[in-house]
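Trainee: If you scroll down you'll find the structure; I have some questions about it.
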Amino acid sequence: LLYDDIPVTAFTNGGGQCPDARGTNWCGFADSRVSAAWRSGSGGGQIGVMWNSAQNGSFPLPYVHVAIFQEADRTLISESNVWSATSAFQYGSAGVNSRGDVGGTIAYGGASQFVSSALWISDDVNGHKFAPLENYIGVQGTASRSGGRWGDFFTTRKESSYTNSWVAVPVADTVAAGGAEPHFVWFGRARDLPGAATFGVSIS
């Protein structure tokens, strides 16, 4: 088994505290295993990974840690943190389109909101940044979880015909659904979507 052991900035493992509007801790089962990984750039070039971190002295709520490595020698290029003082972020997913851009989903929620799902993109339009992470609401939660488990099942893939866009299934608990409400979402930049998309969202 071959691997590279590369130091990154210290983070806090284990389930964090992400109480929603009714006090349910939706990230109680979270840990710091990698939840998203990708190979991107022109012909590859970079390896990216995302994982959960619990709250700590630097971050008041749980957040997502992002690290980018050079594929050729696995040196660390950059690190970013997806975080907020009012909302926890956890459980990122990611997929790479044909251009080498990255898009995905991420869960968020706070004391005044229920756990929800956002869509995000990192590409040439926003300078391939993860901090701040350009994100848009995918499904807004309106109800509490029945338990603390959430998020270890999200996946994002490039769309099969319009391969510079993505498909994903963001989820949130809603009053209307009486529990989890999944949405199949096709998303991307307007330049990469057909002029009359019949479903999904266009992120301009």
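Trainee: Starting from the Cα of L1, step 7 Å along the direction of its Cβ; do the same at V175; then give the gap between the two resulting points in nm.
Mentor: Going from the L1 label point to the V175 one covers 4.9 nm.
Trainee: If the chain between R191 and A10 were fully stretched, how many nm would it gain, using 0.36 nm times the residue separation less the Cα-Cα distance? Mind showing how you got there, number by number?
Mentor: Values: separation 181, 0.36 × 181 = 65.16 nm, distance 3.88 nm.
Full extension from R191 to A10 adds 61.3 nm.
Trainee: Can you tell me how much longer the chain between T142 and H183 gets when fully stretched, taken as 0.36 nm per residue apart minus their C-alpha distance, in nm with one decimal?
Mentor: Numbers: separation 41, 0.36 × 41 = 14.76 nm, distance 1.46 nm.
Additional length available on full extension: 13.3 nm.
Trainee: Run the 1.4 Å probe and let me know the accessible area of I47, rounded to the nearest 10 Å².
Mentor: Approximately 50 Å² for this residue.
Trainee: Take the alpha carbon atoms of segment 110-204, find their radius of gyration, then divide it by 2.2 N^0.38 Å using N residues; give the quotient. Can you show the working numbers first?
Mentor: Values: Rg = 14.5 Å, N = 95, 2.2 N^0.38 = 12.4 Å.
The reported ratio for this selection is 1.17.
Trainee: Which whole-Hz couplings ³J(HN,Hα) result when phi for each residue of segment 133-147 is put into the Karplus expression 6.51 cos²θ - 1.76 cosθ + 1.60, θ = phi - 60°, listed in order with x for Gly and Pro?
Mentor: 7, 6, 9, 9, 4, x, 9, 8, x, 10, 8, 7, 5, 7, x
Trainee: Output wanted: per-residue J couplings in Hz (rounded whole) for segment 157-165, from phi through Karplus 6.51 cos²θ - 1.76 cosθ + 1.60, θ = phi - 60°, x for Gly and Pro.
Mentor: For segment 157-165, the Karplus-derived couplings read 9, 5, 6, 5, 9, 9, 6, 9, 10 Hz, x marking Gly and Pro.
Trainee: Ignoring ligands and nucleic acids, what accessible area does R39 show with a 1.4 Å probe (Å², nearest 10)?
Mentor: About 130 Å², rounded to the nearest 10.
Trainee: Peptides 165-172, 93-100: what's the order by average Cβ count within 10 Å, highest mean first? Mind dumping the intermediate values first?
Mentor: On the way: 165-172: 23.8, 93-100: 20.0.
Highest mean packing first, the order is 165-172, 93-100.
The values are calculated or read from the model by the stated rules, or taken from the named source; none is laboratory data. Note that the coordinates shown come from a computational prediction; the quantities given were computed from them, not determined experimentally. Counting neighbours? That spans all protein chains shown, and the Cβs are built from the backbone with ideal geometry, glycine included. Protein only, heavy atoms only, side chains kept; ligands, DNA and RNA dropped before computing areas. Shrake-Rupley method; radii C 1.70, N 1.55, O 1.52, S 1.80 Å.
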